[in-house]
Every structure is written in structure tokens, then in C-alpha cells.
Amino acid sequence: MKYLGNKVGNGLALGKVYIINTKIPKIKTRNLTTVGAINKEKEDLKQIIEKVSKDYESLENEALEDEIKQLCNFYKILLSSNSLIGTMEEVIAKEKCDKITAITKVMKQKEEELSLVDNAYLKERSKDIEDVTNKLIRKALGIKEIDLSRLDEDTILVAEEISPSVLLSNNLKYVKGIVSELGGKTSHVAILASTLGIPSVFGIKEISKTLNDDDIIYVNGNEGYIETNLTETQKKNIKDKIRKEELLKNSLIEMKDKKSRTKDNQKLEITANAGELSELDKLLEVNCDGIGLFRTEFLFLNRSIPPTEDYLFNIYKSFAEKLNGKPLIIRTLDIGGDKKCPYIDIKEEQNPFLGYRAIRYCLDNKEFFKVSLRAILRASKYGNVKIMYPMISSLEEIYKANEILDEAKADLASKNIPFNKNIKVGIMIEVPSTAIVADMLIDEVDFFSIGTNDLIQYTVAVDRLNPTVSGLYSFYNPGVIRLIKNTIDAVKDKKSKFVGMCGEMAADPLAIILLVGLGLQEFSVNASMVLKVKKLISLIDSNEAKDIANKILKLKTAKEVETYLDSKAKKIYGKYY
Ligand code: PEP
Ligand code: MG
């Protein structure tokens, strides 16, 4: 049986289904009528709390970071306090209610208590109580925990929605594929999956309810479908296909030591998008020309307190040093949208992608913003570090951000902490208003990086997470192409400035031909795509690409653009397409 979804890419996979369920079902309160039932409920409660405490203890022992150890220890102590269990037992006895009702009630009180104490650390913990409560309820309901470290065979994660934190916090050795009901190909979890090179298909309705744990399924991330109920012959054919794909991948290894050049030897940069320290070795392995987008927000997610300036600085410094003079473009925090942190107070919004996001939040929270800026500035002493502001929509925001940057520089100067005083500052072009006036903005910055993931969603008014309208989200929309051309043209005669692209479009084989033709200078792509993009670009003649781009600028529909590019790609790329 075949189910179609959105292709997120990253290849093919075969494995056993593991359904991830993070939702807590709504539960009606049960009234207990006998003393025996009340005692049994109390006994069950004790066992649940004991089990969850034990889970925290194992997490504490396994955690590598001190902060995580400290947190697990805190939860363990919280749960083993006699007063907590005592109060829950009292609620069960007095109200004759079930354990889940008691847990919910008492944990809510605990949350309120902690939020009022005069101790910043404990106050902060009040926000995690919900997580601990959910863990207790899941245990009470027998819902299994998401613990990927216990996997021991090839697995396909299947969920209604997978949060980025599931992929950040777990050992993914056996995770070979991801299938989800929600999330478009440019959702942040899709980007993470690409960075990690995990074949994925999103947007298959009801799939987490249709499949069962341990079903064997085939995920084709390249074409956007999955297959179930496979016969032995089908499984064998799929395994052959996967092996072939692996061989093609290996044939790209020769590109590692080659320079990034078009067929006619035009110089370009192929940089990588990065998000966390653990990726650094992978990035160095593919020998990219630098990092065109460091998504710093991944360092802020999946934790309950903000990272410190020193923590950020040390990570940025490691990247800067290891890149050994190659550029490292560090994007300031792009939080909001589909990326939420418990300690960043962004209210529920109807349209989070149009809301309090990225630079908007940072400009309003100056001291918080300065922590990140100082960390970047300090790292600039150790390599070719550049700063990039996300979600800029007007010149005023650039002025304001630069004012705060000047204050961060002054903070460091007053303490004699070294940094590169001439650090280059650029912006992402991901809001149409900036692409339209790119010629005005370029004088105020050192570079542009086109963020097509957002630029397209804002231009064609399609939520990048919404599978129902994902058919309208297209790299080849003529309106989008004009905005990209306008941005590239604005930088053309500015000698010391450059324009790159760090959205997923930069790795799209068809779009690459157009982008080379339009004169894009830097392609920043996921680590798993660097060698492939380098190979594809080495097959393109820049003059031919220019002619193709000129022809495309006259085409009126996305379909015409795609069909035309597809015919050219077949000839230009041959077996690599
Ligand atoms: C983009 O919008 O294209 C981009 C690279 O930023 P992000 O995907 O992190 O929003
Ligand atoms: Mg973006």
C-alpha cells in the first residue's frame, strides 16, 4: 500500500515503525467508591512516582552536560519528597478521586508555589513542572516514553508531529527514516532531518493512526511516499535500491578535495548550514567552504534555562577555530514561529510565523540579545566570523540591531575583551519587503543571505508547516524568482559585498541551474548535500545557465519553469540527476 506525502528528501530507508505519541489524551475524573479502591490508587501512585524518579536517575547518570544532570537531579528530589506524595495521597483520600486527577492538581499547585519563590533557579523550574506532570501521567496511562537510545534495529519514526527536540535529544543511531502527518519540507524538523541525512516524508494524513509499531515500511524521501505491507521480493528490491544510492553517494567523495567551480571554472562558494556542535566533524569531513548559516536557536531549544554567554562563546569558538579562516556566518537567535523555548515568553499566537519572532523578539529584549552578540563577538577573535540578523523586514530594524551590537562591543571593550572590531554584518532576505528594496539595504550591510524557506512562505502566503496548501509552495513561482533576481542584482556591482542563499532552495538540483544563471555567489546547504551540490555545480556552464535564467524570467507559471528546468537538468547532470 502506497501513501503519498511531501518529499523532505535525504534518500531511502527501510525499517520497523516506532510510533511516537507525545499527546496526553483528555481523561475524565474517576470517582472511587470503596476504601480498597482508594488504597489501590495510592499504591499505584507511589509506584508511578518511584518509576519516574528512577527514569530521572538514569537520565542523570547518562547525561553528558552538567546542566542536564543538575535538572534531572532536581526532578528526582522533587518527586521523592514525602510532602509531594503525601499531598497527592491526601487528595485521593479526601476527594475520592483517581491518581491522575491528584497528580494534575498537586503538580499545578507546585508550579504556582515555585513561580512565587524568590530564587531565580527555582522560579525557572516552575516552567518545567508541566513536563514532569506529563511524564507522570504518561506513566500512569502506560504510554511509552520517547527513548530512542533503547532502539537496536533500523527504525522509522512515525508521528502526528515530531518536535525538533525529539531529534536533538536522542541517540539517532538506528533512526533510518521519519514519517509525520504535519510539517512541510521547510519546517525546522525537516531541516534538522536533512542535516542529519535522515530520509523523511511529511504530510501523510492520519498515518500515525494507520500504522502499528513494528510494521516494516519503506520511506522514499526523494519522491515523497511510503509503502507498507511489503512482500519479501519488494523488500529485497528496496534493499538493492538503497545499496545503489549509497554507491552514488560514495562516488561523490572525490568532490571533497575539488574546488567549488562551475564547468567553465567560475568560482562559487558552497558552504554548509549548521546547528550544533555535534555536527562539526561531519561538516569538516565534507570540506565545505565555510558555514553560511549557523542556526544558533538549536542551542537554545531543548533546555529549560537559556544558555550562558560562555557556553555559546565556547561553541562558536570551536567552530571558528576548526574552520581555520573559512567564513562562519552566525545567525542571531531565530526563535518563535515553529521554534519555542520554555523560558522565552512568547504568548500563544494565531499566526506565529507572522508574529513575535527572531529579530523582533531580540530587539525588544536587549539584554538577552546582547548575551548572544557578545558571545559571537568574542568568538570573532578566533576566526572569520560574521553576524547575520534573521527576519529583517525594514531598514529601521537593521539600525536598531546595529545599535545594540555597538553596545555589546562597548561592553567587551570596557573589559578589554578582544574581538574583531570590523566584524562583517549581514541580513537574511526572507521577508518580501527586504527583497523588494534590496538595492536600498545593501548599502547598510556587508552581505545578504536569501532565506527562501521563509521568503517563499511569505511571498506566496503559504504556511510552511501546513500540508493542505503545500502544493502552492514552490521554488519555481515566478514571483519568488523575481524577488531572488532583485536581491542578487542589488549586490552585483558592490565589490566587497556578496549574496548567498541558505534556504532549502539552494540545494534543489533544478533551482541550482537558475541560481547559477542569476549570479548567486554562495550556496549554503545542509552538510549531507554539500558534495552533491558541488558536483552538480561542476557540471553547469555559467553562460548556458545565464541563457536558461533569461528564458525562465519570461515564463509565467511555476509548472512551465519546473518543466523547462527539468529538461535542461537531464542533459546537464546526466546520471547525477
Ligand atoms: C530560511 O528561512 O530560508 C532560512 C534559512 O531560515 P530558517 O529555515 O531557519 O527559518
Ligand atoms: Mg527563516
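The values are calculated or read from the model by the stated rules, or taken from the named source; none is laboratory data. This is a predicted model, so every value here is computed, not measured. Quick reminder, even Gly has a Cβ in these numbers, built from the backbone with ideal geometry, and neighbours come from all protein chains shown.
For segment 440-449, does any single residue satisfy the condition of being of a type in the set (Ser, Thr, Tyr) and under 23 Å from the mean Cα position of the chain (by Cα)? Step through it out loud before you land on a result.
Taking segment 440-449 and keeping what is of a type in the set (Ser, Thr, Tyr), we get 449.
Next, from what is left, pick out any that are under 23 Å from the mean Cα position of the chain (by Cα): 449.
Looking through segment 440-449, at least one residue is of a type in the set (Ser, Thr, Tyr) and under 23 Å from the mean Cα position of the chain (by Cα).
All but one of (1) surrounded by fewer than 19 Cβ atoms within 10 Å (Cβ to Cβ); (2) within 24 Å of the chain's Cα centre (by Cα); (3) modelled with pLDDT under 75 hold for Gly184, so report the exception by its number.
Only one criterion is unmet by Gly184, namely (1).
Determine if segment 256-271 includes at least one residue that is within 30 Å of Pro418 (Cβ to Cβ), touching a Ser or Thr at 6+ places or on another chain (Cβ under 9 Å), among the hydrophobic types (A, V, I, L, M, F, W, C) and not assigned by TED's automatic domain parsing to the domain that holds Thr195. Reasoning before the result, please.
Initially, segment 256-271 is screened for residues within 30 Å of Pro418 (Cβ to Cβ), giving 269, 271.
When the remaining residues are screened for being touching a Ser or Thr at 6+ places or on another chain (Cβ under 9 Å), the result is 269, 271.
In the following step, the residues that additionally are among the hydrophobic types (A, V, I, L, M, F, W, C) were identified as none.
No: zero hits.
Hey, which of the helices (runs of 4 or more DSSP H) in segment 282-384, taking only ones fully inside, have at least 3 residues that are within 16 Å of ligand 2 (Cβ to nearest atom)?
Qualifying helices (runs of 4 or more DSSP H): 359-364.
Which members of segment 388-400 meet the condition of being within 16 Å of ligand 2 (Cβ to nearest atom) and in contact (Cβ under 8 Å) with a residue 40 or more places away in the chain?
Once the filter is applied, which keeps residues that are within 16 Å of ligand 2 (Cβ to nearest atom) and in contact (Cβ under 8 Å) with a residue 40 or more places away in the chain, segment 388-400 yields Met388, Tyr389, Pro390, Met391, Ile392, Ser393.
Pairs only if they're at least six apart or on different chains, beta carbon under 7 angstrom, first in segment 275-304 and within 14 Å of Gly383 (Cβ to Cβ), second away from ligand 1 (no atom under 16 Å from the Cβ) and assigned to a loop (DSSP other than H, G, I, E, B); list them, first residue then second.
Asp289/Ser260; Asp289/Lys326; Gly290/Lys326
Name the residues in segment 272-281 that are in contact with a Ser or Thr (Cβ under 7 Å, 6 or more places away or on another chain) and either more than 16 Å from ligand 2 (Cβ to nearest atom) or of a type in the set (Lys, Arg) (or both), would you?
Ala272, Leu277, Glu279, Leu280 - these are the residues of segment 272-281 that are in contact with a Ser or Thr (Cβ under 7 Å, 6 or more places away or on another chain) and either more than 16 Å from ligand 2 (Cβ to nearest atom) or of a type in the set (Lys, Arg) (or both).
Which residue out of Glu269, Glu285, Glu348, Glu321 is under 21 Å from Tyr458 (Cα atoms) and more than 19 Å from the chain's Cα centre (by Cα)?
Glu348
Residue-by-condition table, conditions (1) β-branched (Val, Ile, Thr); (2) within 22 Å of Arg303 (Cα to Cα):
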residue: Phe319; (1), (2): no, yes
residue: Ile346; (1), (2): yes, yes
residue: Pro352; (1), (2): no, yes
residue: Asn365; (1), (2): no, yes
residue: Phe369; (1), (2): no, yes
residue: Leu377; (1), (2): no, no
residue: Lys386; (1), (2): no, no
residue: Leu395; (1), (2): no, no
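Look at segment 428-470 and say how many of its residues are more than 12 Å from ligand 1 (Cβ to nearest atom), closer than 20 Å to Lys339 by Cα and aliphatic (A, V, I, L, M).
Of the residues in segment 428-470, 2 are more than 12 Å from ligand 1 (Cβ to nearest atom), closer than 20 Å to Lys339 by Cα and aliphatic (A, V, I, L, M).
One residue is enough: does segment 383-393 have a residue meeting the conditions farther than 26 Å from Gly290 by Cα, at pLDDT 95 or above and in the same structural domain as Gly500 (by TED's automatic domain parsing)?
Within segment 383-393 (the criterion being farther than 26 Å from Gly290 by Cα, at pLDDT 95 or above and in the same structural domain as Gly500 (by TED's automatic domain parsing)), the answer is yes, since at least one residue qualifies.
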